[in-house]
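*Asks:* Could you have a look at this structure, given as structure tokens, before my questions?
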Amino acid sequence: MPSVKQTTVDPAATDGGLGSSNTETLVSSFPASPIHNGDLTRDSVQEGYEASAMTGVVKDGNGLPSYNRDFTGGSTSSLEGFQIPPDGTVADAGAGGGAPASAYVPNPASPGPGSQNPSDLPAAPDGFGQSPNGDTYGVGTGALTKPADTSKAISSVKLGSYGLGTSNSGT
């Protein structure tokens, strides 16, 4: 866990020396600022960011009909059905129409000449990506870990819970 917090809305008071602002002048110039009247605090900024950017389902954002930022699975509707459900499988995997080949790999097929639309993808080759291709080098849980399990670890990350040289994946 990081031991030094970055300055957000609570900078140290300064007296206006070279290269510094004057805190008293700023407060008197902007008395209704949420920073100065106490409405905006370090904790409220962090809580707002976690709620707005790290959790929940985004509807019609990032070019997708919906996207679950909790990484813990989805429903059977819209694109959420292609996210990893708790059992580690992907709905309609390998069936084409934009679905991945399996929970481990994307569909390697092309949507065909002149098309860039993923829904035009044919079915993945028989058996493609149905089992992981061995383990990976380096540290971590490796390629043999089910995506559903690693997704739970990813969803547990909160601001300040990660640090240099650490991983929330269980290693």
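*Asks:* With Cβ to Cβ distances under 11 Å as the rule, what net charge do the other residues near Met54 carry (K, R +1; D, E -1)? Could the numbers behind the result be given before it?
*Replies:* Working: positive: Arg69, Lys158; negative: Glu47, Glu50, Asp70.
Net local charge, Met54 excluded: -1.
*Asks:* Continuing with this model, one more query. In whole Å, what three semi-axes, largest first, describe the equivalent ellipsoid of the range 1-54 built from its Cα gyration tensor (square root of 5 times each eigenvalue)?
*Replies:* Working: eigenvalues 124, 52, 11 Å².
So the equivalent ellipsoid measures 25, 16, 7 Å along its semi-axes.
*Asks:* On to the next question. Once amide H atoms are placed 1.01 Å from N in the peptide plane, what residues at a sequence separation of 5 or more from Val57, or on another chain, have their amide H within under 5 Å of its amide H?
*Replies:* Amide H to amide H, under 5 Å and 5 or more residues apart or across chains, Val57 pairs with Arg69.
*Asks:* So who's got an amide H within less than 5 Å of the one on Ile35, skipping anything under 5 residues away but keeping other chains? H placed 1.01 Å off N, in plane.
*Replies:* Leu40
No value in this document is a laboratory result; all are computed from the given coordinates. The structure displayed is predicted, hence computed values, not measured ones. Every residue, glycine as well, gets a Cβ built from its backbone with ideal geometry; the counts of neighbours run over all protein chains shown.
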